[in-house]
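Contents: one structure, followed by commentary.
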């Protein structure tokens, strides 16, 4: 009975997508009922799997049409749900269900809502299928459906500024990524003559050939595109900004998590490449660069949603860094951060959507003083902002702490200096995240209320309820982290590090042992963040880093202005623009000092984010080439 | 299993990527994506090909009686290619329709003009 649940959930969502288009394109009641019914049943079916998979440790497998393997060869398409798949599936169902509830009133004023719900259900179904399938080509098909639905939803409000452009960029970069993945899959098929992930994993126990190394590099690059690590991140910033907010939440909550899931599946289970320290280093460096560039770009933004988009990229950097470490602690931290990112970034996007719904703009320079008009939204926003900045009782603190601890432990264990630098970068990025959320809070909710926003009202209840739920989850996951660890993170970590169960369930007992795969015992992760000595060491690190940054830079602080330099009134006083007595302290001006100090850096970055699609495609190809060359050097 | 097919498909993929990265005309960018797809499709379908192979219709006894595995052409890559062709056609159609709408809105299909979202 229970083995049918995963495939039923996926099928129901796709069936719902067609039914919405056929029966509900003119009738709002039928449309909403079908969409929410499909989403709710899928939610219940996936939650019902928690007990057997997470607690009893079963792995659920399902062969389409009962085409089970014949004499050690998998022929049919299989679904396989282990703890890792279920962990991501839970994130996916939670996200799309809450997004569905939210879009009931958020999207109510739009036209062609039949298309909206069709695409919404197809996107949900494809991501759910992607995280639960056991067949690598089926995974590719799901990626493609996901890309299509994402592009169409990005360009859904196509009369708005920039939507078409963002959709086009997303399509070009996304389908380049899919083509890389498909090439990799073709090469793997040529080598192993199977498409089943468990069987590929078992066959690659004997070692890598040049063909499989090439395939590995291409598939990693393909999933890098889907999880938007840095050279591939540009379409994400545009798409998250212009898509309807309920869709932005889906994007950051589950579409890029699908990329992260693919990375974990490919790195740890299919190719089992993470025992090589050079591969670990490559992934960690990509992650560290992602989080740093993401957060610095976020500080320079003037649009609420674009700022959140760059934060999304930056937080994915944390996840990639942590899973790149290859230790149980790192994987636990990475998975926990992925989960928390889904919760708090979803919450923040929902509040941004509420602001857009109530005021009609997300431009930070035009907003202000909304805390009196929208107090409930403001409180939800503050909870989300505290969580993402990693303040103690909230969930972001625990997972970020695990990431610091994992990178630092790795540095101590391996004696490699780079990991220590990554720890410091992670800390600095966290500080900058807090800084940019202070800027948003000031620009949107505090400060003076512009005259044209006097009539703003709080959003309706069906938009507030998802926000409350998300806020509650943020707080609960932060306080009751041992329970989360015991029932969700530990089984998922164990599933990541142990391939034999995964292979045996699909291919029959003893298959993995025959091919030479071995089991690893994973001890439960100890949460030791209350250890005062660790705290102290980290504070010393932060202090020294801050001291070096402040004293080491040849800043112009305290120097007399060169009379030859043109006087720029924008940077003259802390509160720029004092022409009017009660002028709003614009959020954009809060960190002008930082931005002027880093003028050169920002000039380069803004030049790179040129907005020209061919430039972005060039980056994608370049990064793929770099990954391929590195893999050939490392894995030979 | 033919070397020239592999070389040709790699050339197609590289040409397609070159087109996407260097041509400023959005329609040419879409064509580049198409060429990458064709290259990948050719690679996949070549993987299953056997020179002189027949259709994969056989009985289990044929295999057990020692008929060489290269006797027939592998059908799986052909199924994959069909799926991939369908997906590729959809990508092209959707991208071109976006280009049409971009032209209506921006009055240009030069990539240098279509950059209102940047920085």
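Rundown of residues vs (1) more than 14 Å from residue A:5 (Cβ to Cβ); (2) under 28 Å from the mean Cα position of the chain (by Cα); (3) surrounded by 19 or more Cβ atoms within 10 Å (Cβ to Cβ), yes/no style:
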{"position": "A:38", "(1), (2), (3)": "yes, yes, yes"}
{"position": "A:43", "(1), (2), (3)": "no, yes, yes"}
{"position": "A:46", "(1), (2), (3)": "no, yes, yes"}
{"position": "A:55", "(1), (2), (3)": "yes, yes, no"}
{"position": "A:61", "(1), (2), (3)": "no, yes, yes"}
> Do you know which residues across region A:181-210 are outside any helix (DSSP H, G or I), surrounded by fewer than 20 Cβ atoms within 10 Å (Cβ to Cβ) and on the phi < 0 side of the Ramachandran plot?
Replying inline: A:208, A:209
> residue A:149: under 30 Å from residue A:241 (Cβ atoms) and either more than 11 Å from chain B (Cβ to nearest Cβ) or buried (at least 24 other Cβ atoms within 10 Å of the Cβ) (or both), yes or no?
Replying inline: yes
> Within region A:65-84, can you find the residues that are closer than 19 Å to residue A:500 by Cα and in contact with a helix residue (DSSP H, G or I) (Cβ under 9 Å, 6 or more places away or on another chain)?
Replying inline: A:69, A:72, A:73, A:74, A:78, A:79, A:80, A:81, A:82, A:83, A:84
> If you scan region B:93-112, which residues turn out to be closer than 16 Å to residue A:169 by Cα, surrounded by fewer than 16 Cβ atoms within 10 Å (Cβ to Cβ) and either more than 7 Å from every other protein chain (Cβ to nearest Cβ) or touching a strand residue (DSSP E or B) at 6+ places or on another chain (Cβ under 9 Å) (or both)?
Replying inline: B:93, B:96, B:97, B:100, B:103, B:108, B:110
>> Based on this model, can you work out whether residue A:370 counts as in contact with a helix residue (DSSP H, G or I) (Cβ under 6 Å, 6 or more places away or on another chain), assigned to a loop (DSSP other than H, G, I, E, B) and either modelled with pLDDT of 90 or more or buried (at least 21 other Cβ atoms within 10 Å of the Cβ) (or both)?
In response: yes
> Only one of A:221, A:237 is more than 27 Å from residue A:63 (Cα to Cα), within 9 Å of chain B (Cβ to nearest Cβ) and part of a helix (DSSP H, G or I); which?
Replying inline: A:237
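Yes or no, residue by residue, for (1) within 10 Å of chain B (Cβ to nearest Cβ); (2) modelled with pLDDT of 90 or more:
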residue	(1), (2)
A:144	yes, yes
A:164	yes, yes
A:168	yes, yes
A:177	no, yes
A:189	yes, yes
A:204	no, no
A:207	no, no
> Does region A:254-264 contain any residue that is part of a helix (DSSP H, G or I), over 15 Å from the mean Cα position of the chain (by Cα) and either in contact (Cβ under 8 Å) with a residue 60 or more places away in the chain or more than 14 Å from chain B (Cβ to nearest Cβ) (or both)?
Replying inline: no
> Looking only at residues in region B:1-38 that are closer than 17 Å to residue A:188 by Cβ and in a helix (DSSP H, G or I), which one is nearest to the other protein chains (Cβ to nearest Cβ)?
Replying inline: B:13
> Of all residues in region A:580-630, which are more than 24 Å from the chain's Cα centre (by Cα), away from chain B (no Cβ under 14 Å) and at pLDDT 90 or above?
Replying inline: A:629, A:630
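The values are calculated or read from the model by the stated rules, or taken from the named source; none is laboratory data. This one's a predicted model, so the numbers in the text were calculated from it and none came from an experiment. Neighbour counts are summed over all protein chains in view; Cβ atoms, including those assigned to glycine, are modelled from backbone coordinates with ideal geometry.
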